[in-house]
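Worksheet: one structure, shown below.
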Amino acid sequence: AFLRCSRALRGAGGHSSYQRAMANCLTSMRMMHVLEDSSSGYSVDISLPHLKLAIEADGPSHFSRTPGPPKPAAGSSPPSASGPPVTSGPTAMKRRHLKALGWAVVSIPFTVWDRLGSDAARQQYMQQRITQAVAERVPIAAQLPG
């Protein structure tokens, strides 16, 4: 009964293959992580609880179907056909709330993940994003030599 109920709470599909690939990447990097962590009050795709870091596997449902406003192409006056994808309202709200609760949030859009291709490129990208998120939370005074 417990397993049936816990599956229902997580959703019928469980983890997406995209989310599992990200977790496998962290495992290969020997980074302790938790899948579907709800300790913050939100369901976080992957967390590094010791760093209070949420990693969100942002698939297509995290973005609006309507692209953002067009941006002018470099070196020309007419704008491009459409702008970058816009984060959906619920996803943006979740990120704001997690940050207000003291969590750092790393969003990995599916389009970026798919373009990386190799395991080595994905590990390097993941390490860069995690390092950047942690560095942004460290007060400047703590970064200065003594």
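General remarks:
- Selection of first residues in region 116-136 that are farther than 25 Å from Lys99 by Cα and of second residues that are open to solvent by less than 80 Å² (accessible area, probe 1.4 Å) and in a helix (DSSP H, G or I), restricted to Cβ pairs under 8 Å at least 6 apart or on distinct chains, gives the following pairs, ordered by first then second residue: Leu116/Arg122; Leu116/Tyr125; Asp119/Cys25; Asp119/Ser28.
- When region 46-104 is limited to residues that are assigned to a strand (DSSP E or B) and modelled with pLDDT under 80, the one that is most open to solvent (accessible area, probe 1.4 Å) turns out to be Pro72.
- Boolean, Pro109 is exposed (fewer than 13 other Cβ atoms within 10 Å of the Cβ) and at pLDDT below 90: no
- Selection count, region 19-43, where residues are under 14 Å from Arg95 (Cβ atoms) and in contact with a Lys or Arg (Cβ under 9 Å, 6 or more places away or on another chain): 3
- Filtering region 122-140 to residues that are touching a strand residue (DSSP E or B) at 6+ places or on another chain (Cβ under 9 Å), modelled with pLDDT of 90 or more and open to solvent by 80 Å² or more (accessible area, probe 1.4 Å) leaves only Gln132.
The values are calculated or read from the model by the stated rules, or taken from the named source; none is laboratory data. Predicted, not measured: the structure shown is a model, and the values here were computed from it. Backbone-built Cβ (ideal geometry, glycine too); neighbour counts: all protein chains shown. Only protein heavy atoms, including side chains, enter the accessible area calculation; ligands, DNA and RNA are left aside. Shrake-Rupley method; radii C 1.70, N 1.55, O 1.52, S 1.80 Å.
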